[in-house]
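The values are calculated or read from the model by the stated rules, or taken from the named source; none is laboratory data. In this text the structure is predicted, and so the values were computed from the model without any measurement. In this analysis, Cβ positions are derived from the backbone assuming ideal geometry, glycine residues included, and neighbour counts consider all displayed protein chains. Each accessible area value is taken on the protein alone, full model and side chains, heavy atoms only, with ligands, DNA and RNA left out. Shrake-Rupley method; radii C 1.70, N 1.55, O 1.52, S 1.80 Å.
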Amino acid sequence: QVQLVESGGGLVQAGGSLTLSCAASGSIFSLNDMGWYRQAPGKQRELVARITRDSSTNYADFVKGRFAISRDNAKNTVYLQMNSLKSEDTAVYYCNANVRPRLMSGSRDYWGQGTQVTVSS
């Protein structure tokens with residue numbers, strides 16, 4: 001059993017900053033790529049940023065230069081630093097991790113429960 005628990009969402013004014021965290025726990029043999037996705041009301045879930053185990057990153061164009069993804073492998077945690085927030089960044093943000101669980105062959109994707117980010121204009 002693998003769990004992803006997000007924290008750090010909330011209400012912020014446009015131009016402000018928030019940092020999201022996501023901690024993975026449970027029966028983990030290896031923690032591979034991790035990432036953040038978001039879903040706004042009435043829209044599909046979309047990629048925000050991803051990071052490999054050796055910290056190579058990729059970002060959606062709409063967050064480049066404003067958001068930064070990082071991870072702490074010792075803590076099995078991924079972070080998303082969000083700066084210069086805009087009203088259009090309002091969404092539920094979901095953590096994703098590709099995990100190989102202990103006592104299992106192969107890897108699979110796990111999702112957190114989501115954390116609400118609301119940016120007021």
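Remarks
- Near pairs, Cβ below 8 angstrom, 6+ apart or cross-chain, from region 27-49 (closer than 18 Å to T118 by Cα) to any residue that is of a type in the set (A, V, I, L, M) and assigned to a loop (DSSP other than H, G, I, E, B): E46/A60; L47/A60; V48/A60
- Selection status of A97, over 17 Å from G9 (Cβ atoms), without any contact (Cβ under 8 Å) to a residue 12 or more places away in the chain and either in a strand (DSSP E or B) or open to solvent by 40 Å² or more (accessible area, probe 1.4 Å) (or both): no
- Filter result for the condition that a residue is free of Cβ contacts under 8 Å to residues at least 12 places away in the same chain and either open to solvent by 70 Å² or more (accessible area, probe 1.4 Å) or over 18 Å from A23 (Cβ atoms) (or both), over S121, S105: S105
- Meets criteria (modelled with pLDDT of 95 or more, among the hydrophobic types (A, V, I, L, M, F, W, C) and closer than 20 Å to S120 by Cβ) for L20: yes
Condition check ((1) of a type in the set (A, V, I, L, M); (2) modelled with pLDDT of 95 or more; (3) assigned to a loop (DSSP other than H, G, I, E, B)) across all residues:
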| residue | (1), (2), (3) |
| --- | --- |
| L11 | yes, yes, no |
| G16 | no, yes, yes |
| G35 | no, yes, no |
| R38 | no, yes, no |
| V48 | yes, yes, no |
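Residue by residue, here is whether (1) under 13 Å from the mean Cα position of the chain (by Cα); (2) closer than 30 Å to S105 by Cβ; (3) loosely packed, with under 15 Cβ neighbours inside 10 Å; (4) not aromatic (F, W, Y) holds:
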| position | (1), (2), (3), (4) |
| --- | --- |
| A24 | yes, yes, no, yes |
| Y37 | yes, yes, no, no |
| G42 | no, no, yes, yes |
| E46 | yes, no, yes, yes |
| R50 | yes, yes, no, yes |
| D54 | no, yes, yes, yes |
| Y59 | yes, no, no, no |
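- Restricting region 68-85 to residues that are aliphatic (A, V, I, L, M) and more than 14 Å from I51 (Cβ to Cβ), the residue that is surrounded by the most Cβ atoms within 10 Å (Cβ to Cβ): M82
- Some residue of region 53-60 being touching a residue at least 60 places away in the same chain (Cβ under 8 Å), of a type in the set (V, I, T) and in a strand (DSSP E or B): no
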